[in-house]
Amino acid sequence: MTILLYDLVGHDEKRPFSPHCWKAAMALAHKGLDISTAPTRFLEVPAIEGGVSKTVPVIRDGDKIVVDSFAIALYLDEAYPDRPTLFGGEGGTATARFIERWSQLTIHPYVTTAAIVDLHGMQDEENAAYFRRSREQRFGKRLEDVVAARDAGLTAFRAALEPLRSMLSYQPFIGGASPLFADYIVFGALQWARVASPYRLLESNDVVAHWFDRCLDLHGGLGRKVEAAA
């Protein structure tokens, strides 16, 4: 049975950009499951599956609906135990929860700063108006004033990745010899930036950049099927 993934897009439905939806997409590919996607814009999210969630990703697997990328990964490991694991056991699940919080507190805020104007530009007129209104209310300033801080914050952002950079000098993936859901968590955040904005977050010789390239090649080059923003 094909699993349906509700995937966040802008005016171009071939350019999904949500970090959380990318986590779910990579998890589904990791499991080797057949999927279809429902391109969904911000203002369409509240109507998904009768209003089951205010956010995406959401999947429907038969009569089962699952909300939230981490919950989706847990569900997939439970529902399809005969397929490659996303966590590698209880310890891997606990580690992934740490990575989730680290990514959301370390990577997501800077990507938001760096890409927020570009993200606005990806939306159609109605969704762009919603995006500007909601984000400017959240930040208490214009989007253009948010993005103005990205150059000053770039060095600190790169330095904040040092724990990941150091670990990847010992092994090819966060999961070890092969990727686990923890990899897809960080990949999703950097893919969000890659799809949304041409702003360069990483130096080309960075160990983290090399790891990201390996992740782009996973599952038949799933990540590369969406071109980087130009």
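The values are calculated or read from the model by the stated rules, or taken from the named source; none is laboratory data. Computed from a predicted model, the values in this text were never measured in an experiment. All Cβ positions, glycine included, derive from the backbone under ideal geometry; neighbour counts span all protein chains shown. These accessible areas exclude ligands, DNA and RNA; they are computed on the full protein's heavy atoms, side chains included. Shrake-Rupley method; radii C 1.70, N 1.55, O 1.52, S 1.80 Å.
Annotations for the structure displayed:
- Verdict on Glu100 being under 19 Å from Ala182 (Cα atoms), acidic (Asp, Glu) and open to solvent by 50 Å² or more (accessible area, probe 1.4 Å): no
- Filter result (out of contact with any helix residue (DSSP H, G or I) (no Cβ under 7 Å at 6 or more places or on another chain) and within 27 Å of Thr85 (Cβ to Cβ)) within the range 1-15: Met1, Thr2, Leu4
- Exclusive hit being within 30 Å of Ala129 (Cβ to Cβ), touching a Phe, Trp or Tyr at 6+ places or on another chain (Cβ under 7 Å), open to solvent by less than 60 Å² (accessible area, probe 1.4 Å) and outside any strand (DSSP E or B), set Ala27, Ala114, Ala73: Ala114
- The residue pairs whose first member lies in the range 186-201 and is under 19 Å from Asp151 (Cα atoms), whose second member is of a type in the set (Ser, Thr, Tyr) and open to solvent by 10 Å² or more (accessible area, probe 1.4 Å), and whose beta carbons are closer than 8 Å, counting only pairs six or more residues apart or on different chains, are Ala193/Tyr199; Leu201/Tyr110.
- If the condition is being part of a helix (DSSP H, G or I), of a type in the set (Phe, Trp, Tyr) and within 26 Å of Ala152 (Cα to Cα), then the range 174-214 contributes Phe187, Trp192, Trp211, Phe212.
- Pairs linking a residue in the range 72-84 that is within 18 Å of Ile185 (Cβ to Cβ) to a residue that is assigned to a loop (DSSP other than H, G, I, E, B) and of a type in the set (Val, Ile, Thr), with Cβ atoms under 9 Å and 6 or more positions apart or on different chains, are Asp77/Thr85.
- With respect to the stated conditions, Asp82 fails to be part of a loop (DSSP other than H, G, I, E, B) and under 24 Å from Val111 (Cα atoms).
- Taking the criterion of being of a type outside the set (S, T, N, Q), closer than 23 Å to Leu222 by Cα and touching an Asp or Glu at 6+ places or on another chain (Cβ under 8 Å), the residues of the range 34-48 that qualify are Ala38, Pro39, Arg41.
- Counted residues, the range 196-230 - those being open to solvent by less than 30 Å² (accessible area, probe 1.4 Å) and either closer than 15 Å to Lys14 by Cα or among the polar types (S, T, N, Q) (or both): 5
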